[in-house]
Amino acid sequence: MIDEKRPYRKNLTSHGLVYLGGEELEISIRNLSITGVLAELEDNSAVHDINDVFQSIKETATIDIYLPEMRLAGEADVVRADMVDGKIFLALEFRSVSYDVDNVLYKRKAYRKDMTAPGQIVFNGTKHHFFTKNVSVDGLMVLIKEKIEAEIDLVTIFDFPRLELRGEIKVAWVEYLEDGSTLMGLQYVHMEKDNITGIPRFAQPGE
């Protein structure tokens, strides 16, 4: 008899990536349901056993996941970790994922992580507050709750404390919303620190 309380799980073999312990690690999907996946962690230099998994999710059990064959990317919670015959298996429950049917998302050079956090940016000598909509290793999408007249390719300075990012950033595109606010795409130009931690790239091979 089918257990109506448990979502149907389909056995399959597919591959993807998770961002765990500050590293992009390869996984093999063993089964999939509408609520999550069971993934086998491939051999790597960062996570060797269950203790390493628990250490990696000590601050948060939410990790980033990318399944290119299914055109799926987003966040998942690690709800269980098991060691079987020397292999690490992760039970992941989808938290916030996007299904990109038209494959538009992955024409971009890097994965964009949904993140809402405050920051500041300067235009015409005036400091403006923003909230991010998403963040990548290449730039930010931000919402400013006022109309900002900014030219494309304008370079200015910004500060984003959540990821400890500050320096120069370039305006890639601007969209004005009906409520008078401004949606803006920004591209990093020069920052005080060389690497961005906490955000995976998840780029397609060769990019």
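Every number here is computed from the coordinates shown, using simple stated rules; none is lab data. Predicted model, so just to flag it, every value in this text is computed and none were measured. Quick reminder, even Gly has a Cβ in these numbers, built from the backbone with ideal geometry, and neighbours come from all protein chains shown.
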Which pairs, out of Lys133/Lys170; Lys133/Lys193; Lys58/Lys133; Lys147/Lys193, put more than 20 Å between their alpha-carbon atoms?
-> Lys133/Lys193; Lys58/Lys133; Lys147/Lys193
The exposure ranking of Thr116, Thr62, fewest beta-carbon neighbours within 10 Å first, is Thr116, Thr62
For the chain, what is the mean residue ellipticity at 222 nm derived from helices alone (per DSSP H run of n ≥ 4: -39500 (n - 2.57); sum divided by total residues; nearest 500 deg cm²/dmol)?
-> -1000 deg cm²/dmol
Starting with the fewest neighbours, write out His190, His48 ranked by other beta-carbon atoms found within 10 Å of each beta-carbon.
-> His190, His48
May I ask you to list the aspartates and glutamates whose Cα is less than 20 Å away from that of Lys145, ignoring any residue fewer than eight positions away on the same chain?
-> Asp114, Asp159, Glu175, Glu178, Asp179
